[in-house]
Amino acid sequence: MAEATPATAVPNARLSGSKRKKPPDSSSHSWASYLHKVLQDNHPDVKITKEAMQVWAEALDAWLQQLAQEIVHEHTSQALTPENVQASLQALLRKDAGHCRRATRLRSQRSGGIMV
């Protein structure tokens, strides 16, 4: 007597009719639900499209990756403390602020001194 293999034990209709869903993109979906909750808690009258939420979540994910790189770059030989993370966060924010100042200055120069 031959034993049933897993492929023959499952009815054919079940094999052909079922499609597995792709797992969701982990970064955008996990951030999107949190960001939406924070947005609704602080600004209940504001609505956001799925595309805008995806852009926001991707930007947050990219920024957090930059923060992680900054932390690893600055504090390689020691255990991370809250002070290490805070120092790396401040360094990253200074870099971003410097970039914003340079971009604003460049826009001002291109427009002949009028801020756009």
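What follows draws every value from the coordinates through simple rules; no lab data is involved. These numbers come from a predicted model, not from an experiment. Note that each Cβ is placed from the backbone with ideal geometry, even for glycine, and that neighbours are counted across all protein chains shown.
Some points to look at:
- Cβ-derived FRET efficiency at R0 35 Å, Q109 paired with Q69, nearest 0.05: 0.70
- Maximal additional length on extending the Q86-A59 stretch stands at 7.7 nm, based on 0.36 nm per residue less the C-alpha distance.
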